[in-house]
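Just so you know, all these numbers are worked out from the coordinates, no wet-lab data involved. These numbers come from a predicted model, not from an experiment. In this analysis, Cβ positions are derived from the backbone assuming ideal geometry, glycine residues included, and neighbour counts consider all displayed protein chains.
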Amino acid sequence: MKRIMISGYYGFDNLGDEAILGSMIKIIKRINQDIEITILSNKAEQTSKRYDVNAVYRYDIFKIMSTMKRSDIFISGGGSLLQDVTSMKSVPYYLGLIFLAKVFNLKTIFFAQGVGPLNSKFNRFLVSKVLKNTDYISVRDKDSKQLLKEIGINDNVVNLTEDPVYGLYNKESNEIKSKEINKIGISVRNWNDNNYINHITSFLNKLNKGKDFSVDILPFHKGEDILISNRLKNELKMKVNVLDYTDDFDKINKVYSTFDIFIGVRFHSLVFAAINLVPFIGISYDPKVTTLIKDFGYQDLITTETVNEDLLTKEFNKITTEISIIKESINDIVKAKSNKIESTVKQIF
């Protein structure tokens with residue numbers, strides 16, 4: 001029996017990161033059932049029950065070392081773990097775990113991560129130093145691969161893959177239906193002065209004149225997204241619900257199945273739209289969102305700085321005019337991404 005330890009931003013009630021973990025566990029168990037998985041989590045008991053795996057509190061260094069002693073493989077990822085924008089603690093924490101895994105002679109895997117931004121020269125040095133000694137490196141986008149190349153990681157050892165959440169795509173149950181747009185899903189987050197919210201509001205209120213749209217707002221980070229979600233709700237002049245946070249992927253997929261179009265700022269809110277074949281309008285706040293928008297190809301780039309009513313209207317009209325073609329394109333792209341992430345997991349074993 002192989003024993004695997006997985007580290008990431010787990011147990012923080014962030015739906016995107018929980019979906020990463022859920023997909024990884026699903027794919028690993030499908031490939032190899034004779035396996036024992038231990039997750040480093042901020043809420044170990046909750047994670048253990050949620051995914052039917054072992055879990056250790058992510059800051060309990062003695063339990064971590066004890067588990068490493070009897071493990072075979074250490075996986076760091078996915079997500080955007082190595083960046084120094086939201087916190088200066090992330091880089092040393094996650095690199096420290098990789099280094100410790102090497103001390104205990106584990107096979108170390110850097111899995112499907114988005115790397116950067118790395119503004120600190122010291123952090124760039126640390127990332128280069130530690131990753132050069134890992135056994136397998138994969139990143140989820142070309143910008144991350146380029147950044148690793150810039151800091152000294154040989155381009156040939158960096159494998160390009162996809163975000164793990166594409167592994168939740170259900171090839172059997174998804175079918176393409178073309179219909180009128182009546183229900184809109186939205187996910188927003190705090191970003192700088194949040195002025196972008198005003199443009200979404202004016203677009204939707206104008207769009208709703210003479211019509212009867214309804215809107216569901218999905219918080220993707222429990223506690224973090226509720227205030228900005230309620231602000232948007234209060235400014236919209238139509239039927240609006242702010243849904244309760246959940247990391248139950250079956251429930252999330254059922255919610256997405258009711259949407260005719262989705263407007264998203266959070267990266268994984270757009271991935272969930274894609275795996276449910278819901279045409280989306282992405283508003284980028286980060287290079288990973290920009291890459292996603294470019295990957296799907298039908299939308300012009302809109303950012304939290306450039307967004308306005310006219311741009312949103314243009315994209316909405318494009319989707320309503322070409323909805324069947326866009327859904328077919330999304331389906332083809334998601335299938336390829338789902339196959340790619342599963343292939344990457346197989347390479348670990």
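In straight-distance terms, cross-link reach from Lys254 covers every one of the lysines whose alpha-carbon lies under 17 Å from its own, apart from those fewer than eight places away in the same chain; here that gives Lys171, Lys177, Lys183. Between Val157 and Arg70, the modelled labels are 3.1 nm apart [label points 7 Å from Cα along Cα→Cβ]. The chymotrypsin sites (Phe, Trp or Tyr not before Pro) of region 34-120 meeting both criteria, a DSSP state outside H, G, I, E and B (loop) and at most 12 other C-beta atoms within 10 angstrom of the site's C-beta, are Tyr59.
Computed on the chain, with alpha-carbon pairs under 8 angstrom and 6+ residues apart, the relative contact order is 16 percent. Angle of helix 309-321 to the longest C-alpha principal axis of the chain, folded into 0 to 90 degrees and rounded to 10: 90°. The residue among Gly264, Ser48, Val188 whose Cα reaches farthest toward the positive pole of the charge dipole of the chain, with charges on the beta-carbon of Lys, Arg, Asp and Glu, is Ser48.
Our Cα-only numbers for region 135-243 put the radius of gyration and Dmax at 19.8, 59 Å. Taken over region 183-335, the ratio of Cα radius of gyration to 2.2 N^0.38 Å equals 0.95. Within the chain, what is the longest stretch that has no GluC sites (Glu not before Pro) placed in a DSSP loop and near at most 10 other beta-carbon atoms within 10 Å? With a cap of 10 other Cβ atoms within 10 Å, the longest stretch comes to 1-171. Comparing the chain with the 2.2 N^0.38 Å rule of thumb, its C-alpha radius of gyration ratio is 1.00 (two decimals). Helix 121-131 versus the longest principal axis of the chain: what angle, 0 to 90°, nearest 10, using Cα atoms? Value to nearest ten degrees: 60. Placing a pseudo-label 7 Å from each Cα along the Cα-to-Cβ vector at Lys63 and Leu301 gives an inter-label distance of 4.4 nm.
In degrees from 0 to 90, rounded to the nearest 10, what is the angle of the helix 90-103 Cα long axis to the longest principal axis of the chain? Between the helix axis and the principal axis of the chain, the angle is about 30 degrees. Among the trypsin sites (Lys or Arg not before Pro) within region 268-343, not one is in coil by DSSP while having at most 11 neighbouring Cβ atoms inside 10 Å. Within region 32-126, the proportion of Cα pairs with more than 18 Å between them is 50 percent.
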